[in-house]
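Following: one structure in structure tokens, then a few remarks.
The values are calculated or read from the model by the stated rules, or taken from the named source; none is laboratory data. None of these values were measured; they are calculated from a predicted model. Cβ coordinates were reconstructed from backbone atoms using ideal geometry, including for glycine residues, and neighbour counts include every protein chain displayed.
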Amino acid sequence: TDVLTQSQTQSWQQDDAEHHLHPFGDSGAIAREGARIMTRAKGVHIWDSTGKVYLDAFAGLWCVNLGYGREELVEAAARQMRELPYYNLFFKTATPPVVELAKALAEVAPSHINHTFFVGSGSEANDTVLRMVRRYWDLKGKPSRKTIIGRENGYHGSTVAGASLGGMKPMHAQGDLPIPGVAHIRQPYWFGEGGDMDPDEFGLVAARALEDKILELGPENVGAFIAEPIQGAGGIIIPPDTYWPEIQRIVHEYDLLLVVDEVICGFGRTGEWFGSDTFHLTPDFMPIAKGLSSGYLPIGGVMVADRVAEVFKAEGDDFNHGFTYSGHPVCAAVALENLRILRSERIIETVKTTTAPYLQSQLNTLADHPLVGEVRGIGMLGAIELVEDKASRRRYAGNGRAGTLCRDFALEQGLILRATGDTMLMSPPLVIAPEEIDELVTKTRHALDLTL
Ligand code: PLP
């Protein structure tokens with residue numbers, strides 16, 4: 001069987017090399033090295049085609065929150081596919097799973113948010129936000145309020161609008177982005193940019209960059225501010241305590257719409273239903289995706305606050321925006337079942353009271369490692385900053401080489417971590433067990449030792 005496995009793997013790798021272009025990757029390099037072919041998964045573990053098993057400390061891509069192999073989700077999809085796999089009638093109809101999902105979302109969201117516009121992904125959610133912000137201000141008779149302010153190193157997706165709202169320079173560099181009507185301010189990244197300031201002082205400075213930008217652009221031209229509660233792809237950047245209250249003050253003072261991108265934080269990642277609950281935010285829009293279906297099928301949405309939805313309903317006519325798969329009934333049925341499991345098994349409560357405190361306390365044991373400049377985390381998110389010098393927070397030369405090494409050493413031992421530069425990231429399934437957390441931390445320490 002080993003010979004068979006090997007030749008099957010090689011044949012997949014060859015076909016991959018010849019026919020498949022990879023997202024966010026160098027398809028030429030992947031073709032030369034041979035893609036890793038992942039074949040099956042169960043719980044928090046995933047197997048590749050050679051039979052090697054990995055602990056997936058990244059929950060796929062921050063999404064497989066219930067872990068792999070939940071039969072109820074499979075059954076929900078199969079049932080709905082048999083009943084009604086798709087319908088639309090040019091958007092003037094609804095289907096039972098979509099209606100039930102919209103209602104269930106209103107039940108778990110902050111109380112002022114009771115409507116959802118469905119899309120297929122987080123990127124589509126943020127494209128929709130851009131359209132909705134502009135639509136809102138048109139309906140309010142203030143069409144000049146077009147500009148949306150995002151943040152450097154924020155991530156809001158990969159479509160043209162999503163990548164523009166995000167602040168990833170390598171993405172902007174390809175494709176002449178951002179589009180007009182989008183501006184960016186600095187990020188609240190104390191470890192990387194705080195200098196001599198203490199975190200609270202720096203949090204205020206980073207937040208006041210929003211006020212400066214509004215005044216620079218003219219308040220009459222700015223419609224919204226968009227941010228992740230915690231920057232995910234940017235490096236699990238948890239803002240200092242002073243940051244969000246000051247942002248809320250500024251947003252309120254200049255009457256901006258607040259977009260809180262919950263694509264990663266939503267559905268329990270921070271130990272609450274939403275990052276907005278954790279940081280006491282009152283968003284006007286919440287883009288959601290990923291954990292909405294635990295990644296079993298692609299579905300996202302924009303959750304809309306009552307004060308905005310009421311304007312759309314009272315004053316709007318047709319909103320000229322939507323996707324073939326807006327409110328896909330099979331994806332909605334899976335999301336609905338995912339929410340049912342989250343509630344009936346009290347998964348978010350368990351994260352908050354038990355799993356997250358254990359994960360965070362175990363991760364903190366890595367802080368004494370000579371390579372580690374900071375361990376930070378919240379809920380089921382953890383980041384480890386690799387440094388050459390702990391006291392000055394000085395990085396290793398090589399632009400992320402230490403992070404790449406550490407990630408590859410972890411992979412060799414059967415642990416999937418992500419590296420963003422020299423920041424190691426983890427975001428395991430919410431259902432990870434204590435002994436699996438022990439495995440995660442032991443293997444991480446070993447990878448750090450090998451990197452040193
Ligand atoms: N917003 C945030 C905060 C994300 O982390 C992501 C994806 O990682 C997106 C939006 C884009 O979602 P998608 O990849 O489903 O388009």
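Could you go through segment 122-141 and let me know if any residue there is in a loop (DSSP other than H, G, I, E, B) and either within 15 Å of the ligand (Cβ to nearest atom) or in contact with a helix residue (DSSP H, G or I) (Cβ under 6 Å, 6 or more places away or on another chain) (or both).
Within segment 122-141, the first condition is being in a loop (DSSP other than H, G, I, E, B), and the residues that meet it are 140-141.
Cutting the leftovers down to either within 15 Å of the ligand (Cβ to nearest atom) or in contact with a helix residue (DSSP H, G or I) (Cβ under 6 Å, 6 or more places away or on another chain) (or both) gives us none.
No: segment 122-141 contains no residue that is in a loop (DSSP other than H, G, I, E, B) and either within 15 Å of the ligand (Cβ to nearest atom) or in contact with a helix residue (DSSP H, G or I) (Cβ under 6 Å, 6 or more places away or on another chain) (or both).
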Exercise. Any residue in segment 107-114 that is of a type outside the set (S, T, N, Q), away from the ligand (no atom under 16 Å from the Cβ), in a helix (DSSP H, G or I) and surrounded by fewer than 23 Cβ atoms within 10 Å (Cβ to Cβ)?
Worked result: yes
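Can you list the helices (runs of 4 or more DSSP H) lying wholly within segment 144-215 that have 1 or more residues being within 16 Å of the ligand (Cβ to nearest atom)?
Working: elements: 160-165, 169-173, 190-193.
Ranges flagged: 160-165, 169-173.
From the list Ile179, Ile148, Ile185, which residue is surrounded by 16 or more Cβ atoms within 10 Å (Cβ to Cβ), of a type outside the set (D, E, K, R) and farther than 20 Å from Ile236 by Cα? First the steps, then the outcome.
On the way: Ile179 fails: surrounded by 16 or more Cβ atoms within 10 Å (Cβ to Cβ); Ile185 fails: farther than 20 Å from Ile236 by Cα.
It is Ile148.
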Seminar exercise, completed: Scanning segment 232-241 residue by residue, those under 9 Å from the mean Cα position of the chain (by Cα) and within 13 Å of Arg269 (Cα to Cα) turn out to be Gly232
For this session: Kindly establish whether Ile264 is touching a helix residue (DSSP H, G or I) at 6+ places or on another chain (Cβ under 6 Å) and away from the ligand (no atom under 16 Å from the Cβ).
Result: no
For this session: Could you please let me know if Glu124 is more than 18 Å from His156 (Cβ to Cβ), assigned by TED's automatic domain parsing to the domain that holds Ala335, acidic (Asp, Glu) and touching a residue at least 60 places away in the same chain (Cβ under 8 Å)?
Result: no
